[in-house]
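The values are calculated or read from the model by the stated rules, or taken from the named source; none is laboratory data. Computed from a predicted model, the values in this text were never measured in an experiment. Quick reminder, even Gly has a Cβ in these numbers, built from the backbone with ideal geometry, and neighbours come from all protein chains shown. Keep in mind that these areas ignore ligands, DNA and RNA; they rest on the heavy atoms of the full protein, side chains included. Shrake-Rupley method; radii C 1.70, N 1.55, O 1.52, S 1.80 Å.
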Amino acid sequence: SVPVLTIDGPSGSGKGTISRLVAEHLGWRLLDSGALYRAVGYAAGAAGLDISDAEAVTRCAQTTKIQFRAAPHDGETRVIVNGHDATDELRTETAGAAASAIASIPSVRKALVDLQLSFRKSPGLVADGRDMGTVIFPDAPYKVFLTASAAERAKRRYKQLKEKGLSVTLATLQSEIEARDTRDASRAVAPLKPARDAVLVDTTGMGIEDVVAKVLAVVNP
Ligand code: CDP
């Protein structure tokens, strides 16, 4: 069957960047599963839904059209939600918190399973998320779990948001990220945790190239 490399981990562990670079290097497809949860959270907000109304949000997850479009120049993939380019809105920590809230609803997660499985196409898939190795692709031959200290993760995310021109303070961001991580790790469905057979990589103090090399070594030892 088509090989999958799952890359799971908490916010700011570097998953997004590392997954993209590793997928490019291998020539494999990329699934940014977090973008799906962000898109549903965004669509629910745009429709004025009450985020705690599980039935309404589940219907929203079932009907929201999410498309990924490779941008020709800066290479950043655009995320189109119900025909609207929502890439900029999806980046904010507000969207991250909304994603985390709706991601704790089991029927919402179920609604996104088939879409995620459909990314598994030849020659291979790099799947970035929280439950890629544990729930969505438990049979993946290659699994990585990325971590980093909470302080370092907050700093990385801070730098990223600053570069995109978003105004945030490090202290606020760190407490928001910690709240999200706690919720992601303690929820009843698909809590954030390494798969039993995942290779743990602590990226604290490591440069991007070194992390990419470590992850590639899992696929090609
Ligand atoms: O980039 P960052 O790691 O901060 O966030 P993300 O990967 O875009 O995910 C946003 C939120 O979606 C997370 O906090 C999770 O609650 C949720 N999520 C999930 O439940 N399962 C996934 N496979 C991916 C994301």
> What is the set of long-range amide H partners of Val126 at a cut-off below 5 Å, with H atoms built 1.01 Å from backbone N?
Replying inline: Leu5, Arg29, Leu30, Leu31
>> Quick check: at a probe of 1.4 Å, how many percent of the accessible area of the chain sits on carbon and sulfur atoms?
In response: 54
> the range 57-79 to the range 177-221: how many Å between their Cα centroids?
Replying inline: 24
>> For a 19 Å ceiling on Cα separation, which of these pairs sit above it: Lys15/Lys159; Lys15/Lys121; Lys15/Lys155; Lys121/Lys143; Lys143/Lys214; Lys143/Lys193?
In response: Lys15/Lys121
>> Can you compute the charge dipole magnitude of the chain about its Cα centre, using +1 on each Lys and Arg Cβ and -1 on each Asp and Glu Cβ, nothing else charged? Give it in debye, rounded to the nearest 20.
In response: 180
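What trypsin sites (Lys or Arg not before Pro) does the range 90-181 have in DSSP loop regions with at most 14 other beta carbons within 10 Å?
Values: sites: Arg91, Arg109, Lys110, Arg120, Lys121, Arg130, Lys143, Arg153, Lys155, Arg156, Arg157, Lys159, Lys162, Lys164, Arg180; in loops: Arg120, Lys121, Arg130, Lys164.
In loop regions of the range 90-181 (DSSP not H, G, I, E or B), the sparsely surrounded trypsin sites (Lys or Arg not before Pro) are Lys121, Lys164.
Could you work out the relative contact order of the chain, using alpha carbon pairs under 8 angstrom and six or more residues apart, expressed as a whole percent? Before the final figure, lay out the partial values.
Values: 360 pairs, mean separation 73.1, N = 221.
Relative contact order of the chain: 33 percent.
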>> Just to confirm, what accessible area per residue do you get for the range 121-198 at 1.4 Å probe, in whole Å²?
In response: 50
> Over the Cα atoms of the chain, how large are the radius of gyration and the largest Cα-Cα distance (Dmax), in Å?
Replying inline: 16.4, 49
> Order of 30-36, 5-11 by packing, highest average Cβ count within 10 Å first?
Replying inline: 5-11, 30-36
> Amide H to amide H under 5 Å from Lys143: which residues, 5+ apart in sequence or cross-chain, H placed 1.01 Å off N in plane?
Replying inline: Thr6, Val199
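Per DSSP helix of 4 or more residues, -39500 (n - 2.57); summed, then divided by the residues of the chain. What does that give at 222 nm, rounded to the nearest 500?
On the way: 10 runs with 105 residues, N = 221.
Theoretical 222 nm ellipticity from helices: -14000 deg cm²/dmol.
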>> Per residue of the range 83-93, what does 6.51 cos²θ - 1.76 cosθ + 1.60 with θ = phi - 60° give for ³J(HN,Hα)? Whole Hz please, x for Gly and Pro, Karplus curve as stated.
In response: x, 10, 6, 9, 3, 5, 5, 6, 6, 5, 5
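Counting pairs of Cα atoms in the range 132-201, how many percent are more than 21 Å apart?
Values: 976 of 2415 pairs.
Value for the range 132-201: 40 percent of Cα pairs lie more than 21 Å apart.
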> Mind listing the phi-derived Karplus ³J(HN,Hα) values for the range 24-41, rounded to whole Hz, using 6.51, -1.76 and 1.60 with θ = phi - 60°, and x for any glycine or proline?
Replying inline: 4, 5, 7, x, 9, 6, 10, 10, 9, 5, x, 4, 5, 5, 4, 5, 5, x
